[in-house]
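Okay, structure first, notes after.
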Amino acid sequence: MTGILLLEQALNGLQFGLMLFLLAAGLTLVFGIMDMINLAHGSLYMVGAYLIASIAAASGSFWVGLGGGVLATAAIGVLLELTVLRRLYQRDHLSQVLGTFAILLMANEAVRMVWGSQPVPMAMPAALAGPVQLLPGFSYPAYRLFIIGVGLAVALLLYLLVTHTRVGMQVRAGASNREMAQAMGTNVRLLFTALFAIGAALCAVAGGMLGPLLAVQVGMGESILILAFVVIVIGGIGSIRGALLGALLVGLVDTAGRTLVPVLFGQLLGPAAAATAGPAVASILIYVLMAGVLFWKPRGLFPAH
Amino acid sequence: MTSSFQNQPASVLDHRLDLRIAIPLLLVLAALPPALDAVGERFYIGVASRILIFALAATSLNLILGFGGMVSFGHAAFIGMGAYTVGILMQGGVLSAWVAWPAAFVVGGLFAFVIGLVSLRTQGVYFIMITLAFAQMLFYLMVSLKTWGGEDGLSLASRSRVGLGLDLASDAQFFYVVLGVSALAFFAIARLLNARFGHVLQGIRENETRMAALGFAVFRYKLIAFTLAGAIAGLAGALLANQGNFVSPALMQWSQSGMLMVMVILGGVGYLYGGLVGAAVFLLLEEVLVGYTIHWQFGLGAVLLAVVLLAPNGLLSLLRRRVRA
């Protein structure tokens, strides 16, 4: 019984962690290369989820929605980069915080104008709606397995792109020393617009995949943005490897905290304590993790610089 | 070493409280309640109190962010802890402001001291994130403590009692008390910034290594400034709890810390009046836009974006540039 519970929670944590990684990857590269704090990154996740939900509803196909929404979000990301964000690269962190916070407010309101304040329902593809029997006596939702598969595939693809291609080499060079990369002939400007398109697309994938599980609503980008920041700080800013490890760590700790801590507290301290202290400790756990990591490793687990 | 700092003529490190600005400003603010009363807009007395409270909170953040270079992303937590101090004391039957407000000041400072002790080991973005982490911990702690209302928050039975023939239940009298407390705190912050402590703090902001090499206990200065800022935020929280007669974890959410930061950046980071101007402009803009459209946040975002692109160092930098030109 406990073994199966643990397995189920591990899979849930893996699934959540991989989705966090999709967001954290774009965020950490933007941060690592351009030294740019982008609070509007979560807005792309939200816009992506809305676009995918709408296109899927209009076309009647989850897959058409996913493809169309991802492309559209990438285009919006490029547009945002060319019109506004590009002007903020050379500025200090505080200007970037204010500027991207302004974009975040406008994105939330624009979404509310187009889709209204009510959450937009999103159905998972019918073929994946049922459970799959993994072990005798243990079945797991097929859709969640599918998310894990997509997450792993995208992570692998991204890893290969960054470590084994010329573009990836330039990205890594830019992340560890932008001036030097520029001097060696990398067109950082162009590279960066492309990177932003990829980051936005990854946001949309995460938004579209999580859409049927969580609510597609205004403000959905903010809470996950904070988690993505937590992830890249734990992993070490600018490091893809750090982002992956950080995301899995946060995903697992968060999921484990929500399900296992109340059980643990219940057995150790009784049901009353579990009901009051359990949820608090569970929510706090990832922040304790982050504070602990930064206390011992003030630059994260895999500092890129 | 001390004399070289104290006897220096006015420098870029000085941020004197120009009395030609401070006194008229104080007079205008003091005339606000009767003026609003005369035109039948009493509602705005409450708005004015709120603006003053947020100006105080933003100024305390500016002390560490603007003058100490410490970008704290968890400042709302200290406001929240100050507010809860008032709420919890009131639940326990302590109504006196003379007990509750100093207690809020001490509680805010105490939490800031402990959090600063750990956070100040890190730098830059890592500092931003670790302060955020601690604020989130306190947020979730208050969400889960059902004794004090949990997620729903605490309603306060009444406003605190100050005695002296004042009744805080009256919005106008409450405004004057807030004005008095804010002005006093603002004055104290200005004095501190122009004293040796403030100069050292700004020196640390400019070049920490150099200040350490000069023999200053950098960590101690930063920790004292961080603690003081937390304490003042706690005091602002006490006033805020009284203003709305309500305390909830929403006060300490990360978006609240972000909003305080936006106020400071909007007004002018490292300008004495930066927090005040930022809080006033932000909250008034919100007030005005809400009257025009339900999509006021879009307008607010557009204005903020315009400020970032056109006034890189905040609104007050525009003023200074024009004065110099």
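The values are calculated or read from the model by the stated rules, or taken from the named source; none is laboratory data. Just so you know, these numbers come straight off a predicted model, no measurement behind them. Note: ideal-geometry Cβ built from the backbone for every residue, glycine included; neighbour counts use all protein chains shown. Just so you know, the surface numbers come from the protein's heavy atoms only, side chains and all, with ligands and any DNA or RNA stripped out. Shrake-Rupley method; radii C 1.70, N 1.55, O 1.52, S 1.80 Å.
Points worth noting:
- Qualifying positions in the range B:112-132 - modelled with pLDDT of 85 or more, under 21 Å from the mean Cα position of the chain (by Cα) and in a helix (DSSP H, G or I): B:Ala112, B:Phe113, B:Val114, B:Ile115, B:Gly116, B:Leu117, B:Ser119, B:Phe127, B:Ile128, B:Ile130, B:Thr131, B:Leu132
- When A:Ala291 is tested against (1) crowded, with 18+ Cβ neighbours inside 10 Å; (2) within 23 Å of A:Ile147 (Cβ to Cβ); (3) of a type in the set (A, V, I, L, M, F, W, C), only condition (2) is not met.
- Looking across the range A:136-149, the residues that are assigned to a helix (DSSP H, G or I) and open to solvent by less than 30 Å² (accessible area, probe 1.4 Å) come down to A:Ala142, A:Tyr143, A:Ile147, A:Ile148.
- Members of the range B:121-150 that are open to solvent by 10 Å² or more (accessible area, probe 1.4 Å), touching a residue at least 60 places away in the same chain (Cβ under 8 Å) and more than 8 Å from chain A (Cβ to nearest Cβ): B:Leu138, B:Phe139, B:Trp148, B:Gly149
- Qualifying residue in the range B:94-117 (condition: among the aromatic types (Phe, Trp, Tyr), in contact (Cβ under 8 Å) with a residue 12 or more places away in the chain, buried (at least 19 other Cβ atoms within 10 Å of the Cβ) and over 30 Å from A:Leu285 (Cα atoms)): yes
Here is a yes/no grid of residues against (1) within 13 Å of chain B (Cβ to nearest Cβ); (2) assigned to a helix (DSSP H, G or I); (3) under 30 Å from A:Thr163 (Cβ atoms):
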| site | (1), (2), (3) |
| --- | --- |
| A:Ile224 | yes, yes, yes |
| A:Val231 | yes, yes, yes |
| A:Arg258 | yes, yes, no |
| A:Val263 | no, yes, no |
| A:Ala272 | yes, yes, no |
| A:Ala277 | yes, yes, no |
| A:Leu285 | yes, yes, no |
| A:Ala291 | yes, yes, no |
| A:Leu294 | yes, yes, yes |
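- When the range B:298-310 is filtered for residues that are within 9 Å of chain A (Cβ to nearest Cβ) and open to solvent by 50 Å² or more (accessible area, probe 1.4 Å), the ones remaining, listed by number, are B:Phe298, B:Val303, B:Leu309.
- Members of the range A:58-70 that are surrounded by 15 or more Cβ atoms within 10 Å (Cβ to Cβ) and at pLDDT 90 or above: A:Gly65, A:Leu66, A:Gly67, A:Gly68, A:Gly69, A:Val70
- Lone unmet requirement of (1) part of a loop (DSSP other than H, G, I, E, B); (2) farther than 30 Å from B:Asp167 by Cα for B:Val94: (2)
- Of all residues making up the range A:214-243, the number that are of a type in the set (A, V, I, L, M) and farther than 21 Å from A:Met36 by Cβ: 5
- Residue match in the range B:311-319 (condition: buried (at least 18 other Cβ atoms within 10 Å of the Cβ), assigned to a loop (DSSP other than H, G, I, E, B) and touching a residue at least 24 places away in the same chain (Cβ under 8 Å)): yes
- The residue list A:Gln118, A:Gln90, A:Gln133 contains one member that is surrounded by fewer than 21 Cβ atoms within 10 Å (Cβ to Cβ), under 28 Å from A:Gly13 (Cβ atoms) and either of a type outside the set (A, V, I, L, M, F, W, C) or touching a residue at least 60 places away in the same chain (Cβ under 8 Å) (or both), which is A:Gln133.
- Helices (runs of 4 or more DSSP H) completely within the range B:139-248 that count 1 or more residues being under 20 Å from the mean Cα position of the chain (by Cα) and under 20 Å from B:Val71 (Cβ atoms): B:171-194, B:196-206, B:218-244
- Restricting the range B:254-288 to residues that are open to solvent by 40 Å² or more (accessible area, probe 1.4 Å) and within 10 Å of another protein chain (Cβ to nearest Cβ) leaves a set whose member that is modelled with the lowest pLDDT is B:Ser255.
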